[in-house]
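The values are calculated or read from the model by the stated rules, or taken from the named source; none is laboratory data. Predicted model only: the values in this text are computed from it and were never measured. Note that each Cβ is placed from the backbone with ideal geometry, even for glycine, and that neighbours are counted across all protein chains shown.
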Amino acid sequence: MLQPNIAVSHGSNRQIDSASYSDTGRRLAALIEQRRPTESARELFAAATDMLIEASTADQQRLPVLGFQLARAEQKLEATSARIDARLRPLFADQVERLREFINGPNAIATARKQELALIGEAEGHLADAIGVHHAFVIPVVCYVYIALFGYFGGRHAEREIAEIEAAQETAS
């Protein structure tokens, strides 16, 4: 029963002899083969999302590398989209389009991070000229405190929303 699964998951469909396996085994092998593009797409999407998260905190030297990796991930997602089940393809294409906005659209995270780093550097330079170098380090401290507060309060807000959704699901059940 597991032989078709093992043979298909290792990419050796040649090993499956349709005469020697039951109809169930052939159907299992077909289902596994059918799910492969969907699983691949899920992994690519997760990897692209992880790269976007990394880009939001990356330094100036890492951003071009992440930009290249994100462009490659976008190309792979497009190629994978053609192999996905026709019923899922429109939904997947919509999600890829939403992700594309964060990769290289007007809301591109890497571009926003470059602008953020440039703005912080410029503000630090002006502050260093005005009050001295040592006191200019207050700018990054203020930025990090803001990020920490945003994460804390945003997380609490997300927890409340999740609790509301779960409560609504329980009442609907």
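Out of Phe153, Phe102, one residue alone is part of a helix (DSSP H, G or I), surrounded by fewer than 14 Cβ atoms within 10 Å (Cβ to Cβ) and out of contact with any strand residue (DSSP E or B) (no Cβ under 7 Å at 6 or more places or on another chain). It is Phe153.
If you go through the stretch 66-84 and keep only what is of a type in the set (Val, Ile, Thr) and not in a helix (DSSP H, G or I), you end up with just Ile84. With respect to the conditions (1) under 25 Å from Ala48 (Cα atoms); (2) modelled with pLDDT under 85, Glu74 falls short on a single one, namely (2). Arg87 passes every criterion in (1) under 30 Å from Ile32 (Cα atoms); (2) assigned to a helix (DSSP H, G or I) apart from (2). The residues listed here are Leu127, Leu119, Leu91; of these, the one that is without any contact (Cβ under 8 Å) to a residue 40 or more places away in the chain and touching a His at 6+ places or on another chain (Cβ under 8 Å) is Leu127. Here the condition is being on the phi < 0 side of the Ramachandran plot, assigned to a helix (DSSP H, G or I), surrounded by 14 or more Cβ atoms within 10 Å (Cβ to Cβ) and modelled with pLDDT under 85; of Ala29, Ala112, Ala47, it holds for Ala29 alone.
Which of the following residues is more than 30 Å from Ser40 (Cα to Cα) and of a type in the set (Gly, Ala, Ser): Gly121, Gly105, Gly67? Quick ask: steps written out before the conclusion?
On the way: Gly105 fails: more than 30 Å from Ser40 (Cα to Cα); Gly67 fails: more than 30 Å from Ser40 (Cα to Cα).
Just a single option satisfies the conditions, and that option is Gly121.
Listed by first and then second residue, the pairs linking a residue in the stretch 99-111 that is within 9 Å of Leu52 (Cβ to Cβ) to a residue that is surrounded by fewer than 20 Cβ atoms within 10 Å (Cβ to Cβ) and of a type in the set (D, E, K, R), with Cβ atoms under 7 Å apart and 6 or more places separating them unless they lie on different chains, are Ile103/Glu74. Considering the stretch 163-173, and only residues there that are exposed (fewer than 10 other Cβ atoms within 10 Å of the Cβ) and of a type outside the set (D, E, K, R), the residue that is nearest to Ser56 (Cα to Cα) turns out to be Gln169.
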